[in-house]
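Q: Sharing a structure with you now.
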Amino acid sequence: MSSNSQVNSGVTKPGSGELAEQDMMKCFTETNRELKITETLFSHIERLAKIGAWNLDLVTGMMTGSNEIYRLYELPIGTKIDRDLAVSAYRGATRATLDKAVGDAIKHGRPFDLTVPFVTVSGRERWVRLLGSAEIDKGITVNLFGTIQDVTEERERQEEMRRLALTDQLTGLANRYAFQETANEQIRTCRDNGLFSAVCIVDLNRFKEINDHLGHEAGDHVLKSIAQWLETSLDTANMVSRLGGDEFAIVTTGKDSVEAVYRELETILASTEQTFEYQGRTIPVSVSMGIAIFPEDGSDVQQLTKHADLALYAVKAEGKRRVRRFEAPMSIAFTRRITVLSEFRRAIENGEIVPYYQPVVDLKTERVSGFEALARWNHPEKGVLLPGAFSDIFENGPICEALGRNMLKRITSDMKSWKADGIDFVRIGFNVEKAELKQDDFAQSVLDEIESAGLDHCNLIVEFTENSGFGDDRTVVEQLARLRSAGVRVALDDFGTGFSSLTHLQKLPFDILKIDRSFIHDISNSPTNLAIVKALVTLGKELGYSIVAEGIENSQQQDLLWRLGCDRGQGFLFSKAIPAAELPDCVRRSVNSKSSSSTWSGVTAA
Ligand code: C2E
Ligand code: CA
Ligand code: CA
């Protein structure tokens with residue numbers, strides 16, 4: 001089959017002009033009727049699919065094509081198209097690509113398939129998919145033929161989809177995927193040219209509070225404003241993206257020194273505290289930032305991002321600075337953290353985590369009024385470990401929950417056996433974390449546990465620390481209220497250290513205020529702390545709470561606190577936390593004696 005017959009078999013003959021369909025139909029004879037119908041249908045398809053067939057006669061250098069080819073070029077149907085006119089639609093680098101493909105087809109008979117930009121004779125820019133094959137006669141290529149399809153719309157759709165897939169819808173910044181792509185490119189360029197670059201992770205501080213207190217629209221407004229601030233603080237060639245939530249990432253362009261990289265970030269580094277206006281309110285926002293510099297802090301984007309993240313984690317944990325650059329020990333600290341987490345999980349399973357009990361005493365009579373259960377790790381090699389040794393676990397929700405379940409089980413089981421032995425142990429305080437209180441079924445599971453041990457709800461005190469602003473969290477408030485209404489007492493722990501304790505006092509349902517030991521330890525020497533404790537006790541009493549002072553280490557503090565009106569206290573003066581087995585003795589001594597020396601001498605400390 002000749003190339004011409006291939007081109008023309010399915011389409012209107014090139015150069016024949018477009019006859020009206022009706023006229024054409026009339027002159028069809030019966031014998032070629034079917035062929036003609038097929039031909040017409042093909043012309044419809046051609047038109048709908050914007051696909052045309054072409055043929056380049058290598059001997060004459062002339063191109064012929066179906067009607068769609070003329071439409072694509074924007075030429076009158078039948079115009080003579082020589083080779084120059086044919087290739088004039090392909091400009092710049094595209095021409096070189098085409099020349100090579102055509103050359104290969106002529107020389108080696110290799111077919112081609114290109115999707116390239118195309119310019120019509122009137123200068124309109126399109127995208128086409130160009131397929132070509134060679135017709136070889138006696139070893140010589142005589143014709144090139146193929147199809148061209150106008151793929152502009154499909155291409156635009158793809159581009160739009162790609163843009164959407166790479167854009168963060170809220171802020172309009174590049175998203176995580178786009179960040180990966182661009183950052184990889186930037187770092188590759190830096191590697192090739194011996195340049196320095198920074199990958200920075202920027203995180204909003206206390207963003208959740210903005211969302212919780214002012215609503216999600218205010219939160220969205222802050223995110224958009226931060227995005228804008230980051231973008232305008234940097235030259236446009238740097239890339240700012242939103243990784244998700246309140247986390248943003250920056251990758252800077254290549255610079256010839258670390259100092260130059262820092263200069264680029266200068267504006268951001270100098271103003272990590274921002275304020276934004278929203279509906280007549282001023283919202284203060286601060287950001288924390290972790291930085292990793294290429295090539296010193298990492299050799300690829302993945303490592304740089306991980307290290308910038310570790311630096312950010314260090315900033316947040318430290319709470320003093322706003323910005324830190326990665327340092328190798330951060331990696332070690334991270335590995336240690338991970339190890340502690342997995343070992344702690346295992347320790348819970350192995351029954352190595354047990355409650356010790358610290359007495360809470362009446363400051364006047366020195367009688368034990370209850371105990372606070374404190375977690376201790378009976379480590380097989382290291383001995384009894386205090387929470388300071390596993391403090392990392394308190395930042396991990398699931399492990400906190402596992403610890404809480406384990407502690408409650410053991411506490412209620414201890415209480416059950418004391419009860420069976422006739423020990424009047426009064427109440428036991430049990431520390432809970434935010435992660436636990438955020439569970440919808442927390443209150444119910446605590447109540448179930450107490451009941452299944454045959455105890456009274458009023459035997460338990462739940463202690464929680466209001467230092468992370470969760471007082472406005474509905475679930476937390478509901479869980480606490482549910483416990484209280486069932487008779488469990490609720491204590492606000494470490495009172496005075498929470499950033500907004502006072503404002504939350506009215507909203508939170510609790511009975512006991514525990515004044516943090518940081519105020520107590522130098523109460524005798526610090527007039528400020530004395531004034532604070534005095535104010536806290538007065539306020540607490542006025543609001544009807546029972547007051548417990550923590551960390552009493554000497555009798556001077558005890559006297560002072562008692563005179564200020566504080567009812568009860570706990571501290572090393574009386575006893576450290578003791579193992580469960582020692583509790584009955586401790587209670588008996590307290591009941592039988594009135595003087596502190598006889599009550600508390602001989603108590604084992606742990
Ligand atoms: P906290 O609830 O404020 O517990 C009181 C801490 O003060 C205990 O430290 C206790 O040993 C210590 N302490 C008591 N009296 C004195 C004193 O006179 N002087 C000094 N310097 N310290 C005193 P510990 O046992 O190391 O616990 C530290 C924190 O770990 C606790 O603070 C609590 O927030 C947390 N924690 C302990 N056990 C648990 C638990 O079972 N669950 C949860 N979620 N947290 C726990
Ligand atoms: Ca406590
Ligand atoms: Ca406390």
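Q: Take the conditions of a type in the set (Lys, Arg) and within 16 Å of ligand 1 (Cβ to nearest atom) and apply them to residue 588. Does it pass?
A: So residue 588 does not fit the description; no.
Q: Please work out if residue 39 is modelled with pLDDT under 85 and in the same structural domain as residue 124 (by TED's automatic domain parsing).
A: When the stated conditions are applied, residue 39 passes them.
Q: When residue 464 is evaluated against the numbered criteria (1) open to solvent by 10 Å² or more (accessible area, probe 1.4 Å); (2) within 16 Å of ligand 3 (Cβ to nearest atom); (3) at pLDDT 90 or above; (4) more than 30 Å from residue 589 (Cβ to Cβ), which criterion, by number, is the only one it fails?
A: (1)
Q: Output yes when any residue across segment 405-427 is of a type in the set (Asp, Glu), in the same structural domain as residue 577 (by TED's automatic domain parsing), surrounded by 15 or more Cβ atoms within 10 Å (Cβ to Cβ) and part of a helix (DSSP H, G or I), and no when none is.
A: Yes.
Q: Could you give me the residue pairs with C-beta distances under 8 Å whose first residue belongs to segment 211-236 and is among the hydroxyl-bearing types (Ser, Thr, Tyr), whose second residue is open to solvent by 60 Å² or more (accessible area, probe 1.4 Å) wherever it lies, and which are 6+ apart or on separate chains?
A: 233/267
Q: Which condition breaks for residue 571 when tested against (1) assigned to a loop (DSSP other than H, G, I, E, B); (2) of a type outside the set (Ser, Thr, Tyr); (3) surrounded by fewer than 22 Cβ atoms within 10 Å (Cβ to Cβ)?
A: Going through the list (1) assigned to a loop (DSSP other than H, G, I, E, B); (2) of a type outside the set (Ser, Thr, Tyr); (3) surrounded by fewer than 22 Cβ atoms within 10 Å (Cβ to Cβ), residue 571 breaks only (3).
Q: Scan segment 165-204 for residues that are open to solvent by less than 10 Å² (accessible area, probe 1.4 Å), in contact with an Asp or Glu (Cβ under 8 Å, 6 or more places away or on another chain) and under 20 Å from residue 269 (Cβ atoms) and jot them down.
A: Passing the criteria: 173, 198, 201, 202, 204.
Q: Which helices (runs of 4 or more DSSP H) sit wholly inside segment 59-138 and have at least 3 residues that are closer than 25 Å to residue 158 by Cα, open to solvent by less than 40 Å² (accessible area, probe 1.4 Å) and not small (Gly, Ala, Ser)?
A: 67-73
Q: Open to solvent by 50 Å² or more (accessible area, probe 1.4 Å) and more than 9 Å from ligand 1 (Cβ to nearest atom), is that true of residue 391?
A: Considered against the rule, which asks whether it is open to solvent by 50 Å² or more (accessible area, probe 1.4 Å) and more than 9 Å from ligand 1 (Cβ to nearest atom), residue 391 comes out as no.
Q: Now, a different point. Tell me yes or no: at least one residue of segment 343-357 is within 16 Å of ligand 2 (Cβ to nearest atom), within 26 Å of the chain's Cα centre (by Cα) and among the charged types (D, E, K, R).
A: No, segment 343-357 has no match at all.
Q: Taking the conditions exactly as written (open to solvent by 40 Å² or more (accessible area, probe 1.4 Å), within 30 Å of residue 566 (Cα to Cα) and in the same structural domain as residue 537 (by TED's automatic domain parsing)), does residue 376 satisfy them or not?
A: Judged against the criteria, residue 376 is not a match.
Q: Considering only segment 538-567, state which residues are outside any loop (DSSP other than H, G, I, E, B), in contact (Cβ under 8 Å) with a residue 40 or more places away in the chain and open to solvent by 40 Å² or more (accessible area, probe 1.4 Å).
A: Matches in segment 538-567: 555, 562.
The values are calculated or read from the model by the stated rules, or taken from the named source; none is laboratory data. These numbers were taken from a predicted model, which means no experiment stands behind them. Neighbour counts are summed over all protein chains in view; Cβ atoms, including those assigned to glycine, are modelled from backbone coordinates with ideal geometry. Protein only, heavy atoms only, side chains kept; ligands, DNA and RNA dropped before computing areas. Shrake-Rupley method; radii C 1.70, N 1.55, O 1.52, S 1.80 Å.
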